[in-house]
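Input: a single structure, listed below in structure tokens.
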Amino acid sequence: MGFVPGTLTVMTDRILLIPLDDRTCTSRLPVHLGAVAGRTVLTPPLGWIGNLTRRAEREALGAWLIQAAHDAEAVVLALDTLAYGGLVGSRQSREPPQAVTERLLCLWALREANPTVRIAGFITIPRLSATAAPEEEAPYWPQYGEAIARYSRLVHASRLAGSAEATDLMHHAQAAIPAEILADYLAGRQRNLAINRQMIEWAAAGLFDLLYLTVDDSADLGLNVLERDELALLVADRQLGDRVLIYPGADEVACSLLSRVLLEKAAFQPAFFPVYAHEYGPQAVTMYEGLPLQETVRLHMAAAGVRLAPKPETADCQLFIHGPEKTGGDFWLDLDLPEDRRDVPEWFVQGIATALQMGSPVAIADVAWANAAHPAFVQRLFDTCPVRNLLAFAGWNTAGNTLGTVFAHAALRLLALEQGGDLAAQERAQQIALFERFAEDWLYMAVERPAAASRPGPPDFETLSRQMAVRSESCYLRHWQGNVVTRVDAGGIPHYWRLGAFRRTLPTFPWARLFDVDLAADFDLEAT
């Protein structure tokens with residue numbers, strides 16, 4: 001059944017993880033990437049972690065954390081889980097700041113119990129999106145979410161413009177929202193802002209070795225952007241440097257922090273050289289970041305603990321970024337997509353193939369649009385490249401989610417290649433990680449999920465699960481099974497494994513909706 005949180009044991013460097021919620025991308029993926037590097041990542045029972053409708057068992061998590069951390073190297077903490085019960089709880093909860101702060105005092109007990117443990121925490125700046133899934137927001141979001149998002153943007157715009165006209169537009173937008181609903185929404189944001197300020201102060205006081213405040217689903221205007229800028233001023237005033245980062249992201253942040261913690265312990269900072277698919281790719285603005293793509297890349301490099309290489313010859317990895325030409329769209333919502341969805345720069349694909357043929361370390365971030373890999377691009381990769389030789393691939397949800405995953409995965413793979421260990425276990429983890437990203441980001445998100453969504457009536461999850469199991473196995477048979485992968489040990493001796501038979505498992509849908517899937521791929525490597 002692949003890698004299950006709370007059960008995996010690999011090597012040394014015991015890391016504890018409190019996930020953001022119980023989805024695969026936030027709970028199992030960081031554990032799996034730890035295995036790629038030969039590290040043990042332990043989580044509490046997933047039944048204690050929050051989901052779409054259930055809040056996390058916060059008292060139990062605090063007690064588990066203190067007890068389990070006595071011999072841990074580091075802890076990676078989703079502070080939204082401990083504070084509000086999870087990511088959804090951070091948007092829906094209206095507990096007062098004092099109650100939330102008191103719940104987080106367990107972190108000081110953790111520091112006292114193990115003064116040397118590295119504490120890496122992350123917390124979100126709440127998103128503001130008119131297209132947000134309504135089940136994840138306050139009850140009034142389906143009716144008033146678009147109006148609240150418009151009001152938020154106009155508040156920011158009026159402050160920038162400073163004109164009577166801009167202020168009038170803001171007041172007009174405000175009048176479209178019942179006063180009690182707007183007051184409730186703003187009170188929730190102010191509470192979260194107060195907690196985020198407190199976390200920065202605790203970082204300044206020495207509680208956190210690393211603290212990331214991540215902007216969930218952002219654009220270039222909005223209350224969340226104003227909050228980001230206010231928090232950035234506080235970080236600068238406290239002179240916290242790169243110990244505290246503020247950048248766009250959410251679901252992938254545990255992977256980024258895990259990468260940075262392990263890389264810093266090893267005093268290893270791999271260099272990445274980005275190769276963009278389009279001439280103006282670095283300046284393209286993706287849909288949920290509100291920043292030029294090259295800036296999002298820079299921020300996620302810092303988050304994962306890696307650095308920029310000035311030229312390909314000095315890079316530990318070439319990162320091929322398949323991004324939009326100018327602005328990004330959303331595949332799931334069918335928003336702002338290019339007319340020709342089959343267009344793929346052939347020079348870009350051939351560049352990847354050539355680099356792999358030469359034995360160069362290569363990773364791929366597919367951020368052409370949000371919420372799915374690019375079908376034509378992935379098909380060209382399968383046609384021309386031995387994808388099993390990639391360091392990493394991703395193309396899921398937002399550009400930030402994808403980039404954070406790719407940097408963390410590639411960096412931890414490079415760390416494994418640098419340090420060695422149980423080569424067979426690491427290689428199996430690596431191949432499963434690669435396969436799952438292609439199977440989820442391309443096969444499910446870009447092919448099977450849209451087809452299922454187009455059928456009338458509620459989703460037939462049982463049928464979809466069986467179809468995904470069959471088609472995932474078919475993908476594995478065509479592009480993985482029977483191929484040989486190689487690792488060279490510290491003594492220069494090569495080791496070879498043949499990719500074995502696929503053990504078919506039925507994918508599940510953790511939140512009983514089409515948006516999320518858990519594939520849990522499983523296969524063995526056979527020494528040759």
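The values are calculated or read from the model by the stated rules, or taken from the named source; none is laboratory data. Remember, predicted model here, so these are calculated numbers, not experimental data. Quick reminder, even Gly has a Cβ in these numbers, built from the backbone with ideal geometry, and neighbours come from all protein chains shown.
Put simply, of Leu240, Leu233, Leu213, Leu226 the only residue that is farther than 20 Å from Ile364 by Cα and touching a His at 6+ places or on another chain (Cβ under 7 Å) is Leu226. Within region 25-51, restricting attention to residues that are within 26 Å of Gly420 (Cα to Cα) and small (Gly, Ala, Ser), the residue that is nearest to the chain's Cα centre (by Cα) is Ser27. When each of Thr286, Thr314 is tested for being among the polar types (S, T, N, Q), surrounded by 16 or more Cβ atoms within 10 Å (Cβ to Cβ) and outside the structural domain of Asp209 (by TED's automatic domain parsing), the lone residue that passes is Thr286.
Residue pairs whose Cβ atoms lie under 9 Å apart, separated by 6 or more positions or on different chains, with the first residue in region 333-356 and in contact (Cβ under 8 Å) with a residue 12 or more places away in the chain and of a type in the set (Phe, Trp, Tyr) and the second in a loop (DSSP other than H, G, I, E, B) and crowded, with 16+ Cβ neighbours inside 10 Å, are Phe348/Ala277; Phe348/His278. The listed residues are Leu464, Leu423, and the only one of them that is touching an Asp or Glu at 6+ places or on another chain (Cβ under 9 Å), farther than 30 Å from Thr486 by Cα and aliphatic (A, V, I, L, M) turns out to be Leu464. When Thr81, Thr101 are screened for being out of contact with any Leu (no Cβ under 9 Å at 6 or more places or on another chain) and either among the hydroxyl-bearing types (Ser, Thr, Tyr) or in a loop (DSSP other than H, G, I, E, B) (or both), only Thr101 passes. Among helices (runs of 4 or more DSSP H) entirely within region 386-484, having at least 2 residues that are more than 29 Å from Leu308 (Cβ to Cβ) and either at pLDDT below 95 or hydrophobic (A, V, I, L, M, F, W, C) (or both) singles out 423-437, 449-454, 461-479.
For region 377-391, does any single residue satisfy the condition of being within 15 Å of the chain's Cα centre (by Cα), surrounded by 20 or more Cβ atoms within 10 Å (Cβ to Cβ) and within 29 Å of Asp330 (Cβ to Cβ)? The answer is no; no qualifying residue exists.
Within region 104-114, can you find the residues that are at pLDDT 95 or above and outside any helix (DSSP H, G or I)? Across region 104-114, the qualifying residue is only Leu105. Residues that are modelled with pLDDT under 95, surrounded by fewer than 19 Cβ atoms within 10 Å (Cβ to Cβ), part of a helix (DSSP H, G or I) and more than 20 Å from the chain's Cα centre (by Cα) are absent from region 227-239 altogether.
Is it the case that Ala373 is assigned to a loop (DSSP other than H, G, I, E, B), touching a helix residue (DSSP H, G or I) at 6+ places or on another chain (Cβ under 6 Å) and crowded, with 24+ Cβ neighbours inside 10 Å? Yes. Looking across region 240-263 at every residue that is part of a strand (DSSP E or B) and in contact with a Ser or Thr (Cβ under 7 Å, 6 or more places away or on another chain), the one that is surrounded by the fewest Cβ atoms within 10 Å (Cβ to Cβ) is identified as Tyr247. For the condition of a type in the set (Gly, Ala, Ser), buried (at least 24 other Cβ atoms within 10 Å of the Cβ) and within 28 Å of Phe268 (Cβ to Cβ), Ala35 qualifies.
Applying the criterion of being buried (at least 24 other Cβ atoms within 10 Å of the Cβ) and hydrophobic (A, V, I, L, M, F, W, C) to the residues of region 80-109, the residue that is farthest from the chain's Cα centre (by Cα) is Ala83.
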